[in-house]
């Protein structure tokens with residue numbers, strides 16, 4: 001019996017390691033919202049091990065021969081122990097080596113899923129034990145567990161399905177609690193921010209600027225889903241807060257409208273509209289209409305801030321009579337307009353003209369990039385409406401903190417890193433290259449390419465490669481398979497292949513860049529950092 005105990009322990013260890021990975025991916029993929037977890041399973045067929053099949057075959061052999069060949073069955077047990085220990089070891093090593101943008105968070109929901117997974121294992125084992133005699137029951141349990149271990153990522157999915165009714169009850173409880181809390185804060189100003197790109201940057205910039213006069217509470221980190229907003233309202237929003245800034249993310253049309261029904265914003269900012277999450281939205285028109293759900297949900301006495309340089313926003317037939325403030329750089333008709341933009345390794349400076357007073361005011365910020373100027377303009381537009389003076393706005397803009405991993409300038413040893421690692425997109429990538437192009441010295445681009453762009457992903461990455469060719473002196477591509485379109489784009493522009501290096505791990509790029517030298521300095525743009533769901 002001791003050998004069976006060892007086998008059971010090895011199987012439990014393997015289940016634990018696989019469950020940890022499966023739950024991590026389930027959490028990252030929003031608990032299979034829009035079938036994201038199932039798509040991860042389909043895209044990551046390397047998660048299935050041939051050793052699992054061998055273990056199942058050994059379990060079948062043990063079940064059939066358990067009566068009359070005890071010595072042979074003992075050998076089978078040892079082989080299965082070896083398989084499960086090896087599988088757990090390899091998986092654990094692999095998980096530790098992977099770059100986790102967000103680690104697994106052991107929330108109450110994850111704990112409930114763990115309990116359900118445990119029950120899913122216990123039920124068939126109990127049935128098998130009741131239906132067969134002693135030796136058969138042991139091996140039928142081993143066979144059942146071996147099959148479930150091989151399908152562990154599907155077991156995680158099944159547990160999520162089973163828990164769905166419970167999670168809906170929990171969801172409705174916290175939803176009602178959040179609505180009651182917002183209803184009790186009658187004087188609270190609520191600002192919604194959405195768009196394809198730049199939501200988090202815009203939110204943080206707006207918060208920093210408004211906090212010079214008001215107590216503004218932004219949604220923390222990337223809590224921009226319905227659950228995220230409920231968590232923010234219930235756990236973070238304080239009775240002393242005067243402004244609530246709600247970042248709103250969406251993967252399909254209608255989600256923004258649902259978020260607006262929860263928080264009822266009186267003000268709305270629409271950042272750049274592009275092709276992010278085209279795969280889940282289905283079409284560019286759906287993206288535009290989905291983002292404009294924020295502006296169309298505003299009350300008639302509300303204020304929307306739109307970008308006069310974005311053709312998609314200018315041409316949209318808005319079905320709302322609320323006040324609209326247009327910001328811009330290129331469009332001279334913008335209500336709040338920036339001009340004379342200058343960028344260097346200290347930050348960005350620019351002039352701002354408010355149509356109401358017609359004067360130019362010089363602003364300075366530590367932030368980099370034209371798109372950050374747009375974000376600042378949106379914040380200035382609302383700040384001006386809220387009665388913050390020009391000197392206060394200047395001071396606030398100068399104090400705005402760089403957002404982590406979004407064109408964040410860092411001095412790393414002998415080179416400057418422009419860290420734009422968080423979720424790349426065509427517009428953001430082009431802006432990042434523009435920033436790199438403004439810098440002196442040797443210019444390096446490090447990237448694995450762009451993701452979640454649907455059918456146009458290859459086309460956009462090839463175009464990205466062509467754009468890189470006109471800026472970078474060196475190119476480091478992360479992941480040979482995924483970066484083939486970028487490589488092709490570089491070749492289309494006759495880029496010197498000697499200056500292209502392909503690696504499988506971004507960490508190997510740091511010592512290589514550290515060895516480069518230039519009298520005017522070395523600047524390395526790290527554009528995008530693929531999450532765990534896209535590891536090659």
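If a residue has to be surrounded by 15 or more Cβ atoms within 10 Å (Cβ to Cβ) and either touching a helix residue (DSSP H, G or I) at 6+ places or on another chain (Cβ under 6 Å) or not in a helix (DSSP H, G or I) (or both) to count, how many in region 487-501 make the cut? Steps first, please.
Here is the first cut: in region 487-501, the residues surrounded by 15 or more Cβ atoms within 10 Å (Cβ to Cβ) are 487, 489-491, 495, 500-501.
Checking the rest, the ones that are also either touching a helix residue (DSSP H, G or I) at 6+ places or on another chain (Cβ under 6 Å) or not in a helix (DSSP H, G or I) (or both) come to 489-490, 495, 500-501.
Residues flagged as surrounded by 15 or more Cβ atoms within 10 Å (Cβ to Cβ) and either touching a helix residue (DSSP H, G or I) at 6+ places or on another chain (Cβ under 6 Å) or not in a helix (DSSP H, G or I) (or both) within region 487-501 amount to 5.
Tell me yes or no: at least one residue of region 458-470 is within 26 Å of the chain's Cα centre (by Cα), part of a helix (DSSP H, G or I), touching a residue at least 60 places away in the same chain (Cβ under 8 Å) and over 30 Å from residue 284 (Cα atoms). No, the conditions are met nowhere in region 458-470. Quick one: in region 185-198, which of the residues that are surrounded by 24 or more Cβ atoms within 10 Å (Cβ to Cβ) and not in a strand (DSSP E or B) is modelled with the highest pLDDT? Result: 195.
For residue 221, state whether it is buried (at least 21 other Cβ atoms within 10 Å of the Cβ) and closer than 23 Å to residue 371 by Cβ.
On the way: buried (at least 21 other Cβ atoms within 10 Å of the Cβ): no; closer than 23 Å to residue 371 by Cβ: yes.
Considered against the rule, which asks whether it is buried (at least 21 other Cβ atoms within 10 Å of the Cβ) and closer than 23 Å to residue 371 by Cβ, residue 221 comes out as no.
Exactly one residue among 45, 111, 101 is within 30 Å of residue 164 (Cβ to Cβ), surrounded by fewer than 19 Cβ atoms within 10 Å (Cβ to Cβ) and modelled with pLDDT of 90 or more, and that residue is 111. Might you let me know whether region 345-357 holds any residue that is more than 32 Å from the chain's Cα centre (by Cα), under 19 Å from residue 386 (Cα atoms) and at pLDDT below 90? Looking for residues that are more than 32 Å from the chain's Cα centre (by Cα), under 19 Å from residue 386 (Cα atoms) and at pLDDT below 90, one finds at least one in region 345-357, hence yes. Tell me, which residue of region 309-343 that is touching a helix residue (DSSP H, G or I) at 6+ places or on another chain (Cβ under 7 Å) and more than 25 Å from residue 296 (Cα to Cα) is modelled with the highest pLDDT? Per the criteria, the residue is 338.
Name the helices (runs of 4 or more DSSP H) wholly inside region 215-294 in which the number of residues that are outside the structural domain of residue 108 (by TED's automatic domain parsing) and more than 20 Å from the chain's Cα centre (by Cα) is 2 or more.
Working: elements: 226-235, 255-263, 278-281.
Of the helices (runs of 4 or more DSSP H) lying wholly inside region 215-294, those with at least 2 residues that are outside the structural domain of residue 108 (by TED's automatic domain parsing) and more than 20 Å from the chain's Cα centre (by Cα) span 226-235, 255-263.
Hey, any hits in region 129-139 for a residue that's modelled with pLDDT of 90 or more, more than 30 Å from residue 376 (Cα to Cα), crowded, with 19+ Cβ neighbours inside 10 Å and out of contact with any strand residue (DSSP E or B) (no Cβ under 6 Å at 6 or more places or on another chain)? Give the steps one after another, and end with the answer.
So in region 129-139, the residues modelled with pLDDT of 90 or more come out as none.
No, region 129-139 contains no residue that is modelled with pLDDT of 90 or more, more than 30 Å from residue 376 (Cα to Cα), crowded, with 19+ Cβ neighbours inside 10 Å and out of contact with any strand residue (DSSP E or B) (no Cβ under 6 Å at 6 or more places or on another chain).
Report whether or not residue 88 is within 23 Å of residue 26 (Cβ to Cβ), crowded, with 16+ Cβ neighbours inside 10 Å and modelled with pLDDT of 85 or more. Answer is yes for this residue.
The values are calculated or read from the model by the stated rules, or taken from the named source; none is laboratory data. These numbers come from a predicted model, not from an experiment. In this analysis, Cβ positions are derived from the backbone assuming ideal geometry, glycine residues included, and neighbour counts consider all displayed protein chains.
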